[in-house]
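Chemist: This is the structure I have questions about; it appears just below.
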Amino acid sequence: QVQLVESGGGLVQPGGPLELSCAASGITFATYVMGWYRQAPGKQRELVASITSGGSTNYADSVKGRATISRNNAKNTVYLQMNSLKPEDTAVYYCNAQRNPFNFWGQGTQVTVSS
């Protein structure tokens, strides 16, 4: 059974930092592309950042320079660090694991940027 369990969401002050973690089980973690997506109310789910099995990263334009995705294959965990958070970063953040033809999602964690 595949599980992706996100943690680290919550209320964040504008301009503050955020760190999310996603612990994976039931997959050969090191072989998967891992990603973080987010979905704001009334909007489509969008990619925030992804990291390949080889460590190559990709970021949405909206978070470039503010976000860092990393992975620890020994711990089967992927991380997302963001700084200078803005109210428009408010969304449910989802962990994703992809390896053709498989595509798995976590349950999501709410991040709210507000004073």
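The values are calculated or read from the model by the stated rules, or taken from the named source; none is laboratory data. Since the model is a prediction, treat every value here as computed from it, not as a measurement. Using ideal geometry, Cβ is built from the backbone for each residue, glycine included, and neighbour counts are taken over all protein chains shown. For accessibility, only protein heavy atoms count, side chains too; no ligands or nucleic acids. Shrake-Rupley method; radii C 1.70, N 1.55, O 1.52, S 1.80 Å.
Chemist: Keeping all protein chains in place, calculate the accessible area per residue for the chain (probe 1.4 angstrom), answer in Å².
Modeler: Averaged over the residues of the chain, the accessible area is 52 Å².
Chemist: Under a crude label model (7 Å from the Cα following the beta-carbon direction), how far is Arg45 from Phe102 in nanometres?
Modeler: 1.7 nm
Chemist: While we're here: Quick one: putting +1 on the C-beta of Lys and Arg, -1 on the C-beta of Asp and Glu, what dipole do you get for the chain around its Cα centre, in Debye to the nearest 20?
Modeler: Here the size comes out at about 140 debye.
Chemist: Name the long-range amide H neighbours of Leu85: under 5 Å, sequence gap of 5 or more, or other chain; modelled H, no Pro or chain starts.
Modeler: For Leu85, whose amide H was placed from the backbone, the distant partners under 5 Å are Gly15, Gly16.
Chemist: What is the distance, in nm, between label points placed 7 Å from the Cα along the Cα-to-Cβ direction at Thr112 and at Asn72?
Modeler: About 2.9 nm separates the two model spin labels.
Chemist: Hey, can you grab everything whose amide H is under 5 Å from the amide H of Thr90? Only 5+ residues off in sequence or another chain; H modelled, so Pro and N-termini drop out.
Modeler: Val113
Chemist: In whole percent, how big is the carbon plus sulfur part of the accessible area of region 1-62, probe 1.4 Å, protein atoms only?
Modeler: 48 percent
Chemist: For Ser53 and Val2, FRET efficiency with R0 = 22 Å and r from the beta-carbon atoms, rounded to 0.05?
Modeler: That gives a FRET efficiency of 0.85.
Chemist: Only four residue types carry charge here, +1 at the Cβ of Lys and Arg and -1 at the Cβ of Asp and Glu. Report the dipole size of region 37-103 about the Cα centre in Debye, rounded to the nearest 20.
Modeler: With Lys and Arg at +1 and Asp and Glu at -1, about 140 debye.
Chemist: List the relative contact order of the chain as a percent without decimals, with contacts defined as Cα pairs under 8 Å and 6+ residues apart.
Modeler: Reported as a whole number, the value is 36 percent.
Chemist: Here's another thing I want to ask about it. Rank Val113, Gly54, Ile69 by how far each Cα sits towards the positive end of the charge dipole of the chain (+1 on Lys, Arg Cβ; -1 on Asp, Glu Cβ) and give me just the farthest.
Modeler: Sorting the options by dipole projection puts first Gly54.
Chemist: Once phi is turned into ³J(HN,Hα) by the Karplus curve 6.51 cos²θ - 1.76 cosθ + 1.60 with θ = phi - 60°, what whole-Hz value does each residue of region 97-111 show in order, with x for glycine and proline?
Modeler: 10, 10, 7, 3, x, 8, 8, 10, 10, x, 7, x, 9, 7, 10
Chemist: Take every Cα pair under 8 Å in region 1-68 that's 6+ residues apart, average their separations, divide by the length, and report that relative contact order as a whole percent.
Modeler: Reported relative contact order: 21 percent.
Chemist: For the pair Lys64 and Glu88, how long in nm is the line joining their label points, each one 7 Å along Cα→Cβ?
Modeler: According to this spin-label approximation, the distance is 1.5 nm.
Chemist: Keeping all protein chains in the complex and leaving out DNA, RNA and ligands, what accessible area do you get for Asp61 with a 1.4 Å probe, in Å² to the nearest 10?
Modeler: Number for this one is 120 Å².
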